[in-house]
Every structure is written in structure tokens, then in C-alpha cells.
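The values are calculated or read from the model by the stated rules, or taken from the named source; none is laboratory data. These figures come from a predicted structure and were not determined experimentally. Here the Cβ positions follow ideal geometry from the backbone for every residue, glycine too, while neighbour counts run over all protein chains shown. Areas reflect the complete protein model, heavy atoms only, side chains present, ligands, DNA and RNA absent. Shrake-Rupley method; radii C 1.70, N 1.55, O 1.52, S 1.80 Å.
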Amino acid sequence: MTARTATPRTARAINDRIALDLLASEGPLTATRLRELTGLSRPSVADLLGRLGRDGLVTVVGEAGEERRGPNARLYGLVAERAHVAALDVRTGSVALALADLAGRTLAEERLPATAGTDDMVAATLAALDRALARSGVATVHTAVMGAPGLVDPTTGALRPTGSLPSWHTELLTALRARLEGPVLLENEVNLAGIAEHRHGAVTDRDSFVLVWLGHGVGAAVLLDGALRRGASGGAGELGFLPVPGTGGLPAAEDCDGGFHALASSGAVCALAGAHGLPADPAGDAPAAEAVVRAAAAQPTGAAGAFLTELADRVALAIAGVAAVLDPGCAVLGGEIGRAGGPALAERVADRLRALSPLDTDVRPATVAGSPVLAGALVTALDAARRDLFGPDLAR
């Protein structure tokens, strides 16, 4: 990252933003290191650090070494307590949330167990948020991001209601916006997982890829040229509705059972495992599918290998369709099932894809640990808070 020349005022804004982004991504830095990374002169860096210090964004947080003294040995870091953000991963019957400071350090986390069908998830989530705020000593949330399944209208930011999703998701969004002073942004959960993989996971080296989510349901996040593509109605990546052979029918506007969902959802994966003689929980939920795929990937021979190969055949159908339209160059297998399959499943999908498509498409397993939705929500919330406090990224 190198500073650019411009008018004096614009140049200062660009250089300040570059320095702040470096402190956010690299952590505390000495003035010498900032000079090396920005290409700025010693006086320019000194002026920059003075400005940012007066603005309350940067402060001295330590020294680079015990034996060194002087200004160059000082470590400069973001004033982490300047702003705090919240992230929520809202599923059909559970919620996970986290609070972080401006430097990206997680201060508190709360998880509510799966309680699908209950009427008090909104109250329980607000109570969990209050506990996290009290425990971390945070008074105000600058920006919150809520990840949820379903279509998010890119114009209004509203969650489009569908018959398959609980009504309390929309009620929770309304309650959060009433509870918190700062903006509460809504994003599709799979899109957030894609953002997390791009920033911290399997595709930090790529700006174009598709994350294929394989879990209770199926979906995709589409990132092209570094930008998330949501589509005109927020429906980009609704792979469950993709018509593919082998389902015995076609999807309908209100029912994806005739689409790719019928081949790769958790219920379909458990049924496929059972057909290969593998022990699979008949409940067919995401944890059950994750368990049987993980066990097969650990020893992919015999019936387990045949199961993984047939599952890979199914997944490759969807990726071939996406590649024919978007040519993203890379597909990441995410969700509980995609991560559980690891390299064993990804390699089989890549092999099958080479036979189906003339387009080179790298296939990788997702690598973000924990909740990728929560991680993506934190990234999105931090980006929004930093844009507000640091100013626009004029260097791009």
C-alpha cells in the first residue's frame, strides 16, 4: 500500500486513511514502520500521527523494544475504545452475538441455544445483548450488523418475509433498531460468510469467487472484483432454487424442493449417506449431516468414499451452472457440510467440475473457524464504523 500524490488537502486525507487502515490491519506500528509502508517522509509521518492523535483516533500504546528509546521506538495504535460494534448471527432457532472495539478485539460474546418455535427469542436476544454490554463496559454501539437467512432488499434493507422463516427475525431487527442508538444493518447470512472467507479465510488471495453454502439449506455468496453482488432484489446466490437434473421435479416460486436444495440440503445429504449404508441421523438436520460428512472425509474409502463422490457430483452440478454464467474462477465450499467435507470433498468436486465445464474453477474448503456469519458481521460492522470515523477511502 503506497500513498498517492494529490492536492495538499486531499493528500492529507488519503495518507491519514492509509495509515489508519494499516494500523487496523497490522496492529500497532512504529513511526519508522509507517514510513516504510506508506513511502512518506519522516516529517509527513510525524504530522500525520499528530493530526490523528488530536482527532482522538491514534495514541501511543507501547514501545517497540525494551532497549530502544525515542520517538521511533514508540508504538502507535488505534484508540480502540473510540467506537464499538456489535454482530449477530441469527438462525431459525438460535442467536450468537459479539461485541468488538474499533481495533477489532472481541470484548464479549453471547450464545442462545436453539429454541425454535419459542415466542421469547426477541426478549432473550435483547437481554443477552444487555449482558454483553454490561460485562464489557460498553455504553454505546456505533454500528451493529445482523446476519439472517432470507432475502434482504438491497434498497430498503428490510428482510423479505417468507413462509419458511420465523416472524421473530423481523421483530428482532425492529427491536434492535429501537434499542441501539447507531445504525443496525441487515445482511444475508451466506453473504456474511463469504465476506469472512474473503477477509480472513480461504480466499484472501482472490477478489472474485463464489462461496457455496451447504447446510440445513443451500445458497451462495457472490463476490466479483472485490465487491459483494446482491442482485436486483437481494436474491443473487439463491442456489436452492437452481433447476438441476436428478431432483425429479422443478422448483416453484414458494418451494425450492424441486431445485438444488433437494440434492444438497442437510436432509438430502443424510438420505444419501443412508443409501450408502452409512449411519446418519434420520432427523436430517445440519449437525447430523455435518457429522456424517466429517466422518466420511476422515476415511474416504469404501462406502464413505462412494458417498463423498456422489455428493461431490451433486455439488459440482450447481457450481458448473454458476461458472457458466459468472466464471468466478474459484468456488469455496462453506456451511456445516462444506467445511466438514474439507479437502476430500473439495478435490472430488474439482475433479467432477473439470468434466462438466471448460472453465477453470478452483475449489477450496472454507477455513474460517467458529461462526463465519458472526465473523463476517464483525468485519462489516467494523468497516462501516471505520468509514464513518476515518473518512472515505480516497486512495481507491
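Among the residues of segment 87-102, which ones are assigned to a loop (DSSP other than H, G, I, E, B) and either buried (at least 21 other Cβ atoms within 10 Å of the Cβ) or in contact with a Lys or Arg (Cβ under 9 Å, 6 or more places away or on another chain) (or both)?
The first filter runs over segment 87-102 and keeps only residues assigned to a loop (DSSP other than H, G, I, E, B), leaving 91-94, 102.
Matches in segment 87-102: Arg91, Ser94, Leu102.
Mind listing just one residue for me: the one in segment 181-212 that is without any contact (Cβ under 8 Å) to a residue 60 or more places away in the chain and open to solvent by 30 Å² or more (accessible area, probe 1.4 Å) and, of those, farthest from Val373 (Cα to Cα)?
Keep residues of segment 181-212 that are without any contact (Cβ under 8 Å) to a residue 60 or more places away in the chain, which gives 181-182, 184, 186, 188, 198, 204-205, 207.
Among the residues that remain, those that are also open to solvent by 30 Å² or more (accessible area, probe 1.4 Å) are: 181, 198, 204-205, 207.
On the way: Glu181: 23, His198: 12, Thr204: 16, Asp205: 20, Asp207: 19 Å.
Among them, the one singled out is Glu181.
Run down Ala220, Ala227, Ala236 and say which single residue is in contact with a strand residue (DSSP E or B) (Cβ under 8 Å, 6 or more places away or on another chain), under 14 Å from Leu326 (Cβ atoms), open to solvent by 30 Å² or more (accessible area, probe 1.4 Å) and of a type in the set (Gly, Ala, Ser).
Values: Ala220 fails: open to solvent by 30 Å² or more (accessible area, probe 1.4 Å); Ala227 fails: in contact with a strand residue (DSSP E or B) (Cβ under 8 Å, 6 or more places away or on another chain).
Testing whether each residue is in contact with a strand residue (DSSP E or B) (Cβ under 8 Å, 6 or more places away or on another chain), under 14 Å from Leu326 (Cβ atoms), open to solvent by 30 Å² or more (accessible area, probe 1.4 Å) and of a type in the set (Gly, Ala, Ser) leaves just Ala236.
What is the number of the single condition among (1) surrounded by fewer than 21 Cβ atoms within 10 Å (Cβ to Cβ); (2) out of contact with any helix residue (DSSP H, G or I) (no Cβ under 8 Å at 6 or more places or on another chain) that Leu356 does not meet?
For Leu356, the failing item is (2).
Tell me the strands (runs of 3 or more DSSP E) entirely within segment 135-253 that contain at least 1 residues that are small (Gly, Ala, Ser) and touching a helix residue (DSSP H, G or I) at 6+ places or on another chain (Cβ under 7 Å). Break it down stepwise before answering.
Details: elements: 143-148, 184-188, 209-214, 218-224.
Fully inside segment 135-253 and qualifying: 143-148, 218-224.
Can you tell me which of (1) under 21 Å from Val373 (Cα atoms); (2) at pLDDT below 95 is the one Ala86 doesn't meet?
Just one mismatch for Ala86, condition (2).
Out of the residues in segment 32-61 meeting the condition of being open to solvent by less than 30 Å² (accessible area, probe 1.4 Å) and of a type in the set (Gly, Ala, Ser), tell me which one is farthest from Leu78 (Cα to Cα).
Gly50
Could you pull out the residue among Ala291, Ala369 that is assigned to a loop (DSSP other than H, G, I, E, B) and open to solvent by 30 Å² or more (accessible area, probe 1.4 Å)? Working first, answer last.
On the way: Ala291 fails: assigned to a loop (DSSP other than H, G, I, E, B).
From the options Ala291, Ala369, the qualifying one is Ala369.
Answer yes if at least one residue in segment 14-31 is open to solvent by 40 Å² or more (accessible area, probe 1.4 Å) and farther than 28 Å from His84 by Cα, and no otherwise. If you could, list the steps in order and put the result at the bottom.
Applying the first criterion (open to solvent by 40 Å² or more (accessible area, probe 1.4 Å)) to segment 14-31 yields 25-26, 28.
Next, only the ones that are farther than 28 Å from His84 by Cα stay: none.
No, segment 14-31 contains no residue that is open to solvent by 40 Å² or more (accessible area, probe 1.4 Å) and farther than 28 Å from His84 by Cα.
Which of the following residues is out of contact with any strand residue (DSSP E or B) (no Cβ under 9 Å at 6 or more places or on another chain), surrounded by fewer than 23 Cβ atoms within 10 Å (Cβ to Cβ) and in contact (Cβ under 8 Å) with a residue 24 or more places away in the chain: Pro245, Pro251? First the steps, then the outcome.
Working: Pro251 fails: in contact (Cβ under 8 Å) with a residue 24 or more places away in the chain.
The match here is Pro245.
Quick check, is Ala324 more than 23 Å from the chain's Cα centre (by Cα), at pLDDT 95 or above and part of a helix (DSSP H, G or I)?
Numbers: more than 23 Å from the chain's Cα centre (by Cα): yes; at pLDDT 95 or above: yes; part of a helix (DSSP H, G or I): yes.
For Ala324, the condition - more than 23 Å from the chain's Cα centre (by Cα), at pLDDT 95 or above and part of a helix (DSSP H, G or I) - is met.
Quick one: Gly302 ticks every box in (1) modelled with pLDDT under 95; (2) out of contact with any helix residue (DSSP H, G or I) (no Cβ under 9 Å at 6 or more places or on another chain) except a single one, so which number is it?
Failed condition: (1).
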